[in-house]
Amino acid sequence: MKLAILSGTFNPIHKAHINVAKYVKEKFQYDEILIIPAYNPPLKDNCESALHRLNMVKLAIENEKGLLLSAIEYENRGKSYSYLTVQKLCKRYKIANKLGFIIGTDAYIGLKSWQNCGDLKKYVDFIVFEREISFEDERVVKLQKDGFNLIRAELPFDDISSTEIRKRIKNNEDISKLVPKSVGDYIYENGLYK
């Protein structure tokens with residue numbers, strides 16, 4: 001099976017996340033893309049509950065063929081370290097070659113600070129989207145030289161951020177163009193991000 005993952009806080013999930021996952025599935029011919037909300041992200045504070053974030057991901061992708069929710073980090077109930085998640089996925093699925101690991105250049109340059117990053121690079125090919133940092137940035141180039149395999153994803157940067165969405169909600173501003181309708185409805189029905 002050719003499998004890629006998109007993991008993150010998804011606080012909340014938005015249309016750019018979904019577009020990235022769909023692009024990778026089609027462009028690189030993955031059988032499935034697992035969307036994995038972090039249960040307890042080690043580098044993030046002020047997250048909505050893991051259950052709310054899990055529910056929003058489920059709603060966001062329910063009609064997206066080949067995009068699947070994985071609750072693997074939610075089931076573990078601890079800190080969400082990517083290398084542990086990847087090891088478990090490799091045991092759970094029959095993976096052809098390596099897992100695809102979808103990431104932006106902004107996160108890619110911080111890989112050396114991740115728990116057991118050396119283990120992670122053994123199991124994954126990083127499918128990297130250019131965000132605020134270019135592919136030519138010396139930090140990106142150095143990581144490639146250090147064995148962090150990078151596959152360029154050339155989808156134009158869609159500047160949607162979960163931070164901006166949360167800010168808009170606090171200010172009672174419209175988010176309908178940024179999140180799927182089902183996610184927006186869930187946010188308002190549950191009084192999230194107020």
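The values are calculated or read from the model by the stated rules, or taken from the named source; none is laboratory data. Since this is a predicted model, take the numbers as computed values, not measurements. A quick note on method: Cβ atoms are made from the backbone with ideal geometry, for glycine too, and the neighbour counts reach across all protein chains shown. These accessible areas exclude ligands, DNA and RNA; they are computed on the full protein's heavy atoms, side chains included. Shrake-Rupley method; radii C 1.70, N 1.55, O 1.52, S 1.80 Å.
Structural remarks
- Given (1) open to solvent by 50 Å² or more (accessible area, probe 1.4 Å); (2) outside any loop (DSSP other than H, G, I, E, B), number of the condition Ile165 does not satisfy: (1)
Residue-by-condition table, conditions (1) assigned to a loop (DSSP other than H, G, I, E, B); (2) hydroxyl-bearing (Ser, Thr, Tyr); (3) touching a residue at least 60 places away in the same chain (Cβ under 8 Å):
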{"site": "Val86", "(1), (2), (3)": "no, no, yes"}
{"site": "Cys90", "(1), (2), (3)": "no, no, no"}
{"site": "Ile103", "(1), (2), (3)": "no, no, no"}
{"site": "Gln115", "(1), (2), (3)": "yes, no, yes"}
{"site": "Gly118", "(1), (2), (3)": "no, no, no"}
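- Among the residues of the stretch 127-141, those that are open to solvent by 20 Å² or more (accessible area, probe 1.4 Å) and part of a loop (DSSP other than H, G, I, E, B) comprise Glu130, Arg131, Glu132, Ile133, Ser134, Glu136, Asp137.
Yes/no matrix, rows are residues, columns are (1) under 14 Å from Ala4 (Cβ atoms); (2) in contact with a Phe, Trp or Tyr (Cβ under 7 Å, 6 or more places away or on another chain):
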| position | (1), (2) |
| --- | --- |
| Arg53 | no, yes |
| Lys58 | no, no |
| Leu67 | yes, no |
| Lys112 | no, no |
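- Considering the stretch 1-59, and only residues there that are free of Cβ contacts under 8 Å to residues at least 12 places away in the same chain and part of a helix (DSSP H, G or I), the residue that is nearest to Val124 (Cα to Cα) turns out to be Glu26.
- Hits in the stretch 169-184 (condition: surrounded by 12 or more Cβ atoms within 10 Å (Cβ to Cβ), farther than 11 Å from His14 by Cβ and either in contact with a strand residue (DSSP E or B) (Cβ under 9 Å, 6 or more places away or on another chain) or free of Cβ contacts under 8 Å to residues at least 12 places away in the same chain (or both)): none
- Residue match in the stretch 62-83 (condition: on the phi > 0 side of the Ramachandran plot and at pLDDT 90 or above): yes
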